[in-house]
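Comments concern the structure below.
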Amino acid sequence: MRAHDWSQSPLGSPESWPQSLRSIVGLLLNSKFPMFVAWGSELGFLYNDRYAEILGAKHPAAIGRRFDDIWAEIWDDIHPIIVQAMQGNASYHENLPLTMNRKGYDEQTWFTFSYSPVRDESGQVAGMFCAVTETTEQVLAERHRAEELERLRHLFQQAPGIIAVLREPDHVFEIANEAYLQLVGHRDILGKPVRDALPEITGQGFFELLDRVYETGEPYIGRELPVRLRLHPDGPLEKRFVSFVYQPTLDHRGKINGIFVEGSDVTESVKAHQALRESENELKAANRRKDEFLAMLAHELRNPLAPIATAAELLKLATLDKDRVRKTSDVIARQVAHMTELVDDLLDVSRVTRGLVTLQEEALSISGLLADAAEQVRSLMEAKRHHFTVQVPDEQYLVRGDRTRLVQVFSNILNNAAKYTPPNGHITLRVRADDTEVEVAVEDDGIGIAPTLLPHIFDLFTQAERSPDRSQGGLGLGLALVKSLLELQGGHVSAYSAGAGKGSRFTVRLPRVMAADSRPEHDHDNHAQSNAARLRVLVVDDNKDAAEMLQFLLEANGHEVITAFTAQDGLTVARRISPAILFLDIGLPDMDGYALARRLRSLPETADATLIALTGYGQPQDKERAREAGFDHHLVKPVKLGDVLALLPGMEG
């Protein structure tokens, strides 16, 4: 400053400066803080080394120059403040934005400074003094932090997990993102203590956890915890599951000042896992029932096989009289009938579960259905001396359904009651109706149903525990069939029991028909069988025993029967004898029965013969396939004599 040429400065030579100016200049020159003074009417400019850094390229030419010449680019911004100082009023400004050109280009800057009036020896304001600091970097850093915080806040709000910030010991909501608000039902919680914002979770343990985290500073991690929340103002409490962490937050002194909450609403995941576990348990239970069923099936099939095998051995003995032969034959017939019932039950279950049951629906009298069902069970009830009571109103109640299937339903329920009611027990059949439904209840005082079994009583393969002798028999299919067949016809069934040893009640409800339509009920009386004329019959079956047994039965009824055990032999014999009727097994080794039927239809000797299919397959599609191949009739093994003879009357050899 001493070496500066002051000739062009409005301040003149330093030797001429008043003492007041000299004093203020001495102050600023010895300060490490950026300062300047503007003196006189033209505001000559003086500054220290630290302020020179602010001037940039304007230094050193700015020494002693007029204030407005140095800072012409910001003069409009600062001139009013200068005027205020020259009028004797000090002022302070924080982060004032100014666009400066001090490095050859315009740049946005910010300054914090004070302007103070400086008085001369006479006490008049002769200039102004400024202490200043450039805050450009701080302002830009703060702006960057604010932008980063806004970006984080945006991410925070969009985060899929729940996030909230609680402050103070009362856990006041400062921040809560969208996921958190969705979890709690989009209510107004910001600025409220958690106990006021979420009153319904009182007593669920969460408030106590927050208090403990705030007091101890130890974070808490919760996994799949249940919480009951009211998602709507007047709605019920809804159960949700959350996984979360309560993380204490610290202030600049290291003291706890809040809790950061982060987590996820895992309700759907928990429900999915619960459903999976339940499904696994159900599969395990179903697998266990399947294993039990297979064991029962093996037992039930062995039971009739044992007397059949014994009877077969007896028939080999030449010493048997006619009475013993008849009794032995009766044993075989009864056991075969029992095995046939077991197989029929299995086939029924298969058809129902696959939706292959065809129903012939019509208006039916409930009294007639129950009479037919009771007739099927009467012998068992009489054998056990049951007291059977029927309470049916005189009024005729009609339902719509398939006669055969509904009789099967009611006979199944009555048969169960008879099987599981001890001798001299009581069975009651009761009918009631209203305008929409007919209700049939079967109640007994038998062995009852255990509470653990009752919810599964209509499941496949379900049975109560039995003694090792399995005296009641059965495969656990009947009630499952009852339920399925009723549902197919718009009805339903329920079961009740007070427990083991306390009897049971099964209730069937069917839609009521108020008036019968014009479709008559099927005549279900047994048709009398007439004696058939002597016929020439060919039996083709690779099972020699089956073929010969059918041969013996037909011959016993007066027919001429020849057997063949392959399809080719069957064709040869057919050409030779021109049979009127042919029984053809479908599962032949050299040519299946369908192909054999088509060949026989092409031969002149058998083109008009009656072809009867013998097969273990009885599905509708099997019958249709047989018809397309040229069969006239379709019989499912084991074949009953009555079914065979019913096809023979009136045919001539």
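Just a few scattered comments:
- Search result, residues across segment 550-565 that are more than 17 Å from residue 596 (Cβ to Cβ) and among the β-branched types (Val, Ile, Thr): 561
- Looking only at segment 416-450, residues that are open to solvent by less than 50 Å² (accessible area, probe 1.4 Å), farther than 23 Å from residue 398 by Cβ and not charged (D, E, K, R) come to 11 in all.
- Checking each residue in segment 600-637 for being surrounded by 14 or more Cβ atoms within 10 Å (Cβ to Cβ) and under 44 Å from the mean Cα position of the chain (by Cα) picks out 615, 617, 618, 619, 622, 623, 625, 626, 636, 637.
- Of all residues in segment 1-13, those that are in contact (Cβ under 8 Å) with a residue 12 or more places away in the chain and open to solvent by less than 30 Å² (accessible area, probe 1.4 Å) total 3.
- The listed residue being within 30 Å of residue 392 (Cα to Cα), at pLDDT below 75 and open to solvent by 40 Å² or more (accessible area, probe 1.4 Å), out of 319, 358, 353: 358
- Top-ranked residue in segment 27-55 [being open to solvent by less than 30 Å² (accessible area, probe 1.4 Å) and assigned to a helix (DSSP H, G or I); ranked as modelled with the lowest pLDDT]: 28
- In this entry, residue 118 is excluded by the filter for residues that are in contact (Cβ under 8 Å) with a residue 40 or more places away in the chain and under 15 Å from residue 97 (Cβ atoms).
- Residue 78 being open to solvent by less than 30 Å² (accessible area, probe 1.4 Å) and either within 16 Å of residue 109 (Cβ to Cβ) or small (Gly, Ala, Ser) (or both): yes
- Number of positions in segment 56-67 that are assigned to a helix (DSSP H, G or I) and either open to solvent by less than 60 Å² (accessible area, probe 1.4 Å) or under 14 Å from residue 4 (Cβ atoms) (or both): 3
- Condition check for residue 590: outside any loop (DSSP other than H, G, I, E, B), acidic (Asp, Glu) and open to solvent by 20 Å² or more (accessible area, probe 1.4 Å): no
- The set of residues from segment 541-568 being touching a Ser or Thr at 6+ places or on another chain (Cβ under 9 Å), crowded, with 17+ Cβ neighbours inside 10 Å and not in a loop (DSSP other than H, G, I, E, B) comprises 547, 550, 551, 564.
- Inter-residue pairs, beta-carbon under 6 Å, first assigned to a helix (DSSP H, G or I) and in segment 142-162, second among the aliphatic types (A, V, I, L, M), 6+ apart: 156/163
- Residues in segment 259-291 that are part of a helix (DSSP H, G or I), open to solvent by less than 80 Å² (accessible area, probe 1.4 Å) and of a type in the set (A, V, I, L, M): 270, 272, 275, 285, 286.
- Scanning segment 95-115 for residues that are open to solvent by 40 Å² or more (accessible area, probe 1.4 Å) and of a type in the set (S, T, N, Q) gives 95, 99, 101, 108.
- Of all the listed residues (615, 610), the sole one being modelled with pLDDT under 90 and in contact with an Asp or Glu (Cβ under 7 Å, 6 or more places away or on another chain) is 615.
- Residue that is least open to solvent (accessible area, probe 1.4 Å) [pool: residues in segment 151-188 that are within 23 Å of residue 250 (Cα to Cα) and among the basic types (Lys, Arg)]: 167
- Within segment 381-396, residues that are touching a residue at least 24 places away in the same chain (Cβ under 8 Å) and under 17 Å from residue 420 (Cα atoms) reach partners that are of a type outside the set (A, V, I, L, M) and loosely packed, with under 11 Cβ neighbours inside 10 Å with beta carbons closer than 8 Å, at six or more positions or on different chains, in the pairs 384/423; 384/424; 385/423; 385/424; 386/423; 386/424; 387/424.
- Flag for residue 218 being on the phi > 0 side of the Ramachandran plot, in contact with a Pro (Cβ under 9 Å, 6 or more places away or on another chain) and of a type in the set (Asp, Glu): no
- Hits in segment 569-587 - residues which are closer than 15 Å to residue 628 by Cβ and either open to solvent by less than 10 Å² (accessible area, probe 1.4 Å) or free of Cβ contacts under 8 Å to residues at least 24 places away in the same chain (or both): 584
- Residues (touching an Asp or Glu at 6+ places or on another chain (Cβ under 9 Å), within 24 Å of residue 439 (Cβ to Cβ), at pLDDT 85 or above and open to solvent by 30 Å² or more (accessible area, probe 1.4 Å)) located in segment 497-540: 502, 505, 509, 511, 512
- Residue list for segment 231-248, restricted to those being of a type outside the set (A, V, I, L, M, F, W, C) and surrounded by 13 or more Cβ atoms within 10 Å (Cβ to Cβ): 238, 240, 243, 246, 247, 248
- Test: residue in segment 629-643 that is free of Cβ contacts under 8 Å to residues at least 60 places away in the same chain, assigned to a helix (DSSP H, G or I) and among the small types (Gly, Ala, Ser): yes
- Considering residues of segment 419-449 that are closer than 17 Å to residue 501 by Cβ and hydrophobic (A, V, I, L, M, F, W, C) only, the residue modelled with the highest pLDDT: 427
- Among the candidates 287, 257, 281, residue that is within 30 Å of residue 174 (Cβ to Cβ), modelled with pLDDT of 75 or more and polar (S, T, N, Q): 257
- Of everything listed in (1) at pLDDT 90 or above; (2) not in a helix (DSSP H, G or I), the single unmet condition for residue 252 is (1).
- Within segment 640-653, being open to solvent by 50 Å² or more (accessible area, probe 1.4 Å) and aliphatic (A, V, I, L, M) holds for 641, 646.
- Only one of the numbered conditions (1) farther than 21 Å from residue 29 by Cβ; (2) outside any helix (DSSP H, G or I) is not met by residue 77, and that is (2).
- Index of the failed condition, residue 23 passing every other in (1) touching a residue at least 12 places away in the same chain (Cβ under 8 Å); (2) open to solvent by 50 Å² or more (accessible area, probe 1.4 Å); (3) assigned to a helix (DSSP H, G or I): (1)
- Within segment 123-144, being within 60 Å of the chain's Cα centre (by Cα) and of a type in the set (Gly, Ala, Ser) holds for one residue alone: 141.
The values are calculated or read from the model by the stated rules, or taken from the named source; none is laboratory data. Computed from a predicted structure; not experimentally measured. No Cβ is skipped: glycine too gets one built from the backbone with ideal geometry, and neighbour counts run over all protein chains shown. Side chains included, ligands, DNA and RNA excluded: accessible areas come from the protein's heavy atoms. Shrake-Rupley method; radii C 1.70, N 1.55, O 1.52, S 1.80 Å.
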